[in-house]
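Let me begin by presenting the structure, written as structure tokens, before commenting on it.
Every number in this text was worked out from the coordinates using simple rules, so none of it is lab data. The model shown is predicted, which means the values in this text are computed figures rather than measured ones. Reconstructed Cβ throughout: ideal geometry from the backbone, glycine too, with neighbour counts over all protein chains shown.
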Amino acid sequence: MSMVYSARLGGAAKKAVALKMADCANDEGESIFPSLDTIAYDTEMSRSSVQRVIKQLLEVGVISVTKDGGGRRPTEYRLNIRKIMSMVKLNRQRGQALNRQRGQALTTEPSLNHQSREKIIPFNGRSKQSGGVPRNTEETFDQYSARMIREGKWKPMRHAARE
């Protein structure tokens, strides 16, 4: 089933139906025979949408029919594991190429907006905003802010959800 998560099937509806079918399959990807109503209920789709998506998955070759249903018997399907694995491999290759393209535009400098546990660099003089300076260079931001709150130089933030 984890292969289906990694495969790019062309839409959320296709992935939801394929995941439900993978969930119903045995270890070899066979013996899939949930009813359309079961798939529709579990994927929160209409019955007609499930029928349309199953038809699309059959056309692409992600699933195949092993036994035609008739009367009150559901159709039995199997997952085409080779097809799904080839889709996963192709998407990984595309993703790696895309990441290489994106990586060229990235800077080597980390964002200043990231919250980190890096040491504070002490500054000269007292800042009106901070109310003081770190006592030593080994003090982290969390330790510094806790000390400022304890000393009454900063006020703790109050969140609307907590009040």
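Evaluate the range 68-80: report whether one residue or more is touching a Lys or Arg at 6+ places or on another chain (Cβ under 6 Å) and under 19 Å from Ala7 (Cβ atoms). Checked against the condition, which is being touching a Lys or Arg at 6+ places or on another chain (Cβ under 6 Å) and under 19 Å from Ala7 (Cβ atoms), the range 68-80 yields no hits at all. Here the helices (runs of 4 or more DSSP H) wholly within the range 1-98 that include at least 2 residues being more than 18 Å from the chain's Cα centre (by Cα) and free of Cβ contacts under 8 Å to residues at least 12 places away in the same chain are 36-43, 47-60.
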